[in-house]
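Working notes, beginning with the structure itself.
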Amino acid sequence: MPDFRAALRECQNGNLRMTQDSEGHRLFCYTKQCFFGKDTWNDVTTTHRGQLYFENKPVNKPFKKIFNVNEVDSTDHDLVCERMKNEPYEILDKANGHLFIVSMSKDSKGEQHVVFSTKGSLPNPDNDLLNDDIKIFISLYGDKMDQLCNKMPYTTLMFEAIVSHDKHSMYDLQVEQYGSENCFVLLGASIGLGYDHGPDVAEHIFHSKHNNTTLLEDPWVESNWDSLNNIATFLECPVVQKYDEVDGTPEMWKEHTDREGYVIHFLTNNDRVKIKTNEYWQNRFKKDLTPEVILSTFKSGGIEKIKDKLPEEIAANCNAVLIDHFYFWHNSILCRQYKIDIFLGERNYQLTQLFLSLMKTTTIQLRRKSAENCSMTGQSNNR
């Protein structure tokens, strides 16, 4: 079970950040430092991806951090394939939008709470993305949500928001697949069944035939796709597509087209692994990661801004390449002023105003970095 004090400690360490609304709900999510750090993923940081507390107690159960295949040791491709041979699992579509969480719970006085959030933010006047999400969601499903609160007062619903005010790289394909320009695709649900039973009973009730966790150990039960489909039918919203079977191995699925990818949901412990297609990455680079966008981002905020702009899965490696090539160019070529004209002439370079501006605004920073690099490596600018 999530622990409020443990979450606060990770905030002090810089691995989690906390946001709070006017009613006292506190939301936790991992930080960039956590994502790019070493040995920062643990039971606390992986489970706090939209984790909500009220009165210092956990009041929802969102997905824990989902890693790509081969991203961490637990998602090693061979290990995933071995688990698929020996464990029950579901293969679901990796929808292409942003996460929208609805958390329903009761407080110590028995009053019902419904909180809308993303994985890292709560509603506030400046949160245009979430505010627009909420308006559309309530207009589509508000009446049904009221009924669902009465039927299942302890429920966390995870949706993929496929909305016109936040078009992702495969937006048109997703609209065609899920049938609406503005819709919320139900990805997952956690039902707080343990709150209706005393501890003597809860210790003897298991999550499912595949998962032997008891309600005493964890009162929140994650739905499989069939249960998810029943909830979606009640709400009259689309449900994430399920594939009966996909030929080949997860590494081979990366070659598939017309989709962002897949999520493998292991039913024994609710582990999830995601696989993103090569086509998805190509679309991301065409839309968001052109040379012009990267240069403009670097100009406005340096290498850290680029890290924020790039998708988390590739940001660290891309930044390492950018830093290595850019500083090599700066140290070995630009700093050797007497060769700049020859260098540009040989390569027929055309310096754009953007690049000239970038050079002007970052010269001091680069020279400082250059000096640091040289002092650490013992190399000169004439290496």
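Summed over the range 55-77, residues that are outside any loop (DSSP other than H, G, I, E, B) and surrounded by fewer than 18 Cβ atoms within 10 Å (Cβ to Cβ) total 5.
Which residues, counting only those in the range 1-23, are open to solvent by 90 Å² or more (accessible area, probe 1.4 Å) and under 19 Å from the mean Cα position of the chain (by Cα)? Passing the criteria: only Arg17.
Restricting the range 155-183 to residues that are in contact with a Pro (Cβ under 8 Å, 6 or more places away or on another chain) and of a type in the set (A, V, I, L, M, F, W, C) leaves a set whose member that is nearest to Ile136 (Cα to Cα) is Cys183. Residues of the range 128-166 being over 22 Å from Glu111 (Cβ atoms) and among the acidic types (Asp, Glu), which ones? Of everything in the range 128-166, those that are over 22 Å from Glu111 (Cβ atoms) and among the acidic types (Asp, Glu) turn out to be Asp128, Asp132, Asp133, Glu160, Asp166.
Just one of (1) at pLDDT 80 or above; (2) of a type in the set (S, T, N, Q); (3) within 21 Å of the chain's Cα centre (by Cα) fails for Asn317. It is (1). In the range 215-243, the residues that are among the basic types (Lys, Arg) never reach a residue that is surrounded by fewer than 16 Cβ atoms within 10 Å (Cβ to Cβ) with C-beta atoms less than 6 angstrom apart, at least six apart or across chains.
Mind listing just one residue for me: the one in the range 24-54 that is of a type outside the set (Ser, Thr, Tyr) and modelled with pLDDT under 95 and, of those, surrounded by the most Cβ atoms within 10 Å (Cβ to Cβ)?
Here the answer is Cys34.
Kindly establish whether Leu8 is at pLDDT 95 or above, farther than 22 Å from Glu217 by Cβ and either of a type in the set (S, T, N, Q) or in a strand (DSSP E or B) (or both). So Leu8 fails the test. Here the range 119-134 is the region considered, the condition is being farther than 13 Å from Asp21 by Cα and open to solvent by less than 20 Å² (accessible area, probe 1.4 Å), and the residue that is farthest from the chain's Cα centre (by Cα) is Asp133.
Scanning the range 14-34 for residues that are part of a loop (DSSP other than H, G, I, E, B), touching a residue at least 24 places away in the same chain (Cβ under 8 Å) and more than 22 Å from Val115 (Cα to Cα) yields one hit, Asn15. Filtering the range 96-118 to residues that are buried (at least 21 other Cβ atoms within 10 Å of the Cβ) and under 17 Å from the mean Cα position of the chain (by Cα) leaves Asn96, Gly97, Phe100, Ile101, Val102, Ser117.
If you check Leu148 against the conditions, is it open to solvent by 20 Å² or more (accessible area, probe 1.4 Å), farther than 23 Å from Thr257 by Cα and not charged (D, E, K, R)?
Considered against the rule, which asks whether it is open to solvent by 20 Å² or more (accessible area, probe 1.4 Å), farther than 23 Å from Thr257 by Cα and not charged (D, E, K, R), Leu148 comes out as no.
Just a yes or no: is a residue in the range 236-245 of a type outside the set (Lys, Arg) and modelled with pLDDT under 95? Looking through the range 236-245, at least one residue is of a type outside the set (Lys, Arg) and modelled with pLDDT under 95.
Exactly one residue out of Val175, Val115 is closer than 18 Å to Glu236 by Cα and of a type in the set (A, V, I, L, M), and it is Val175. What pairs can you find where one residue is in the range 194-214 and more than 18 Å from Asn60 (Cα to Cα), the other is aromatic (Phe, Trp, Tyr), and their Cβ atoms are less than 6 Å apart, with a gap of 6+ or different chains? Close Cβ pairs satisfying both conditions: Asn212/Phe206.
Of the residues making up the range 289-310, not a single one is surrounded by 15 or more Cβ atoms within 10 Å (Cβ to Cβ), acidic (Asp, Glu), modelled with pLDDT under 75 and in a helix (DSSP H, G or I). Among the helices (runs of 4 or more DSSP H) confined to the range 151-262, the ones with at least 3 residues that are out of contact with any helix residue (DSSP H, G or I) (no Cβ under 7 Å at 6 or more places or on another chain) and loosely packed, with under 15 Cβ neighbours inside 10 Å are located at 199-202, 225-235.
Conditions tested, residue by residue: (1) within 21 Å of the chain's Cα centre (by Cα); (2) more than 24 Å from Phe184 (Cβ to Cβ).
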| position | (1), (2) |
| --- | --- |
| Leu235 | no, no |
| Lys242 | yes, no |
| Tyr262 | yes, no |
| His265 | yes, no |
| Val273 | yes, no |
| Asn278 | yes, yes |
| Trp281 | yes, yes |
| Phe285 | yes, yes |
| Leu295 | no, yes |
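The values are calculated or read from the model by the stated rules, or taken from the named source; none is laboratory data. Just so it is clear, the model here is predicted, and its values are computed rather than measured. Neighbour counts are summed over all protein chains in view; Cβ atoms, including those assigned to glycine, are modelled from backbone coordinates with ideal geometry. Side chains included, ligands, DNA and RNA excluded: accessible areas come from the protein's heavy atoms. Shrake-Rupley method; radii C 1.70, N 1.55, O 1.52, S 1.80 Å.
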